[in-house]
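Participant: Before I ask anything, let me first share the structure, which is written out below as structure tokens.
Since every read-out is calculated from the coordinates, none of them should be taken as a lab result. The structure presented is a predicted model; accordingly, all values stated were derived computationally and were not measured. Reconstructed Cβ throughout: ideal geometry from the backbone, glycine too, with neighbour counts over all protein chains shown.
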Amino acid sequence: MLNFFIFRLCTMFIYLFLSARSRPTITPEGPQLTVPLNSDFSLHCQSDSSVRWLREDRPTRILKEQRQGEVTVLKVNKAGPQHMGKYSCREEESGEKSSIYVYVKDPENPFRRNIMFDFVAGEGETTTIPCLATDPHMTDLHLQKCDGQSLPNSLQYSSSIETGITLEDVRKDFEGCYVCVGTLEGNTVRSRQYQLNVQKGFINLTSVNNSTKRVRAGESLSLRVVMDAYPKPHAFSWSYSGVKLTNTTDHVITSHSHGNRYTNELKLVRLKVLESGFYTFSCSNGDATVHQTFEVHVIMIHKHTHTHTHTHTHTQNYCSHCCLNNYVCLHDTVISGLCLLSSMRAPTLAVTGSNVKGCFVCLETSLIAYFCLLQKPKYQIQWKVIEGIHGNSYVYIDPTQLPYDHQWEFPRDKLRFGKTLGSGAFGKVVEATAYGMSKADTVMTVAVKMLKPSAHATEKEALMSELKVLSYLGNHINIVNLLGACTIGGPTLVITEYCCFGDLLNFLRRRRESFYYTTLGEDSYYRNVMLQPEANEILHEDGMTLDTEDLLSFSYQVAKGMDFLASKNCIHRDLAARNILLTQGRVAKICDFGLARDITTDSNYVVKGNARLPVKWMSPESIFECVYTFESDVWSYGILLWEIFSLGSSPYPGMPVDSKFYKMIKEGYRMESPEFAPSEMFEIMHSCWDADPFKRPSFSKIVEKIEQQISDSTKHVCLPLSSLALKTM
């Protein structure tokens, strides 16, 4: 028994010895390190096995390090607030780790600067206000209401200068504005204001303008539901007359989400008359359940010939109906207003009614519908090609007069359509597979822009104009290039490059948590990957994080693309991160997404006069004088830079577009530098926002300025990636 006890005791001592030995050792010693702002620092980790440096708040990001014998060194140049946090050195084999917290002391900012100051928390949850001290000597960190009122009685919190203030069991009465307050060197210091929004689980459906849908037999119909929900919905379904629908070739169900906004769509393919009825969408997230029902009428249309072009009546014993000329209305279906929608020529009106009074009521209804239609915003191509400049006046080329080369024609039957990439009031962009686009045996993923069946002559003309403008411009690596078109034997289809990573705005927002700040001149993860020879390493991007070199690359590429457009005398007029697409290798491409965006539901487009405009991206002369020039595009580019270096934040944060906003712009208000912008990039932004349009830099000058800041590998990355993209499509 004694021997067994001695054996167990020895075993325990050996285990403790090996455990202590296996834990890595960090130098400098101690739980924390304080470094001055903009200074360099290094952390050394000693271990006899392989280790990796990690940031606790960004565990997926492997930091840049150097191995020197048994010591692994992490170096940081020009430390900024983004370098604050807990760094861990972890053994890859055993998982053992040691940690040290790094403070970056900033005398002007006792609390670390943040991007987000609005927080949403659910009732009963735990949430943290990230007011992190930049100086370890801060004491008495506590929470106050912005207006000085006392905190809610039930509010309990814990505070730490390294993690912030954590609220437990959040309740609705906690909602409001808060500041973090501390004591530093005998002085009271306060953080920026934080807005806490406390929400019980909810699902808010966006109102549907018309839940009754009419469609001809054999046509397809999409039923779309948009909602804001918190927490994330865990169940949704579509049903027809009480029977649940599943994904088939006849019923295609798709869903998309961004933040707390969710979109769900049911596409009914080649409808039959018998499929008329009620289609219901249901959604639940545990706290709320909602339903949206659509009434669908599938109409069988029989054509017949009219020789009369005047109004005529037939007296019958049923109610009055207005019908589209040359079609018979079945099932007592009313198609109000359609009888006046010929191509602005004298219409033919066929009226069937019980008396003349009924006819005039029908005609009046149609006229009202017609003039309401005229008030709806029409789709127009945003890009304008300049024919000449006379003083301060620009003369634009009428895009309808541009030639169209039929060599762009591509057979419709060689396109296979997939999911919808974007949808607007007048049209949509659909992912498709093209067979034999460049060579007979090639298969290529493309994007196809098309109009919806409800589009009118003006929209059809606008899409054809867009096709002609893209054809006129020619190809460039940093614009979404034209690949082909279908203009014969059916509706116009514009075939362009497919950009697999979507728009830049959402790309930046998705990667906020994995962003890794590097100062100019540092080696970066992005650049190392670009130098790898294997194509599959470049194309596999979902696991890649984001760093400063990426942001510079996006800025550079967009400037190159805009310089190309300017060389073609083309003005964009809606330059923003939402109109930049990313494809393989993180190549940025400028596009006009207007057709596939519903600006009536996009908060970035504000009603001004009788139009919806992206006011926060517009120059003063565009806002107040309706003047669009190369220089106004430069202003918008400056706003785009702000979006990029704030990782997708909305410009002029917290400022609604109202009379006060317009007054501030007139008086010269400009945004401050976003958190992750190098000083050189903010100088470019600020120069783009010069009140005098002619003092703003040209895009060619901007390209030169950014070239001075980025690495050679990023500068020349477009050429190899463009050829790679063509090979892999």
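Participant: At 0.36 nm per residue, minus the direct Cα-Cα distance, what do residue 438 and residue 120 gain on full extension? Give it in nm, one decimal, please. Display every interim value, and only then the final one.
Facilitator: Numbers: separation 318, 0.36 × 318 = 114.48 nm, distance 4.93 nm.
Full extension of this stretch gives 109.5 nm more.
Participant: Scan around residue 94 for amide H atoms under 5 Å from its own, H built in the peptide plane at 1.01 Å from N, and keep only partners 5 or more places away or cross-chain.
Facilitator: For residue 94, no residues qualify.
Participant: Next question. List, in order, the whole-Hz ³J(HN,Hα) value for each residue of segment 455-467 obtained from phi through the Karplus relation with A = 6.51, B = -1.76, C = 1.60 and θ = phi - 60°; use x for Gly and Pro.
Facilitator: The phi angles translate into 5, 10, 4, 5, 5, 5, 5, 5, 5, 5, 5, 4, 4 Hz.
Participant: Between residue 488 and residue 257, what is the FRET efficiency for a Förster distance of 22 Å, r being their Cβ-Cβ separation, to the nearest 0.05? Intermediate values should be presented prior to the final figure.
Facilitator: On the way: r = 38 Å, r/R0 = 1.75.
After rounding to 0.05, the efficiency reads 0.05.
Participant: Also: If packing is taken as the average number of other Cβ atoms within 10 Å across a peptide's residues, how do 629-641, 491-503, 568-580 rank, most packed first? Please list the in-between numbers first.
Facilitator: Numbers: 629-641: 23.8, 491-503: 20.2, 568-580: 22.2.
Going by the mean number of other Cβ atoms within 10 Å, highest first, we get 629-641, 568-580, 491-503.
Participant: Name the residues whose placed amide hydrogens come within less than 5 Å of the amide hydrogen of residue 202, ignoring near sequence neighbours (fewer than 5 apart) on the same chain.
Facilitator: Answer set, sorted by chain and number: 230.
Participant: Here is a follow-up. Taking 60 Å as R0, compute the FRET efficiency from the Cβ-Cβ separation of residue 568 and residue 153 and round it to 0.05. Before the final figure, lay out each step's value.
Facilitator: Details: r = 66 Å, r/R0 = 1.09.
Once rounded, the FRET efficiency stands at 0.35.
Participant: Amide H of residue 146 versus every other amide H placed in the peptide plane: which residues, excluding those fewer than 5 positions away on the same chain, fall under 5 Å?
Facilitator: Correct list: 177, 178, 179.
Participant: Right, something else. First measure r as the distance between the Cβ atoms of residue 282 and residue 650, then evaluate 1/(1 + (r/R0)^6) with R0 = 22 Å and state the FRET efficiency to the nearest 0.05.
Facilitator: Details: r = 32 Å, r/R0 = 1.46.
Calculated value: 0.10.
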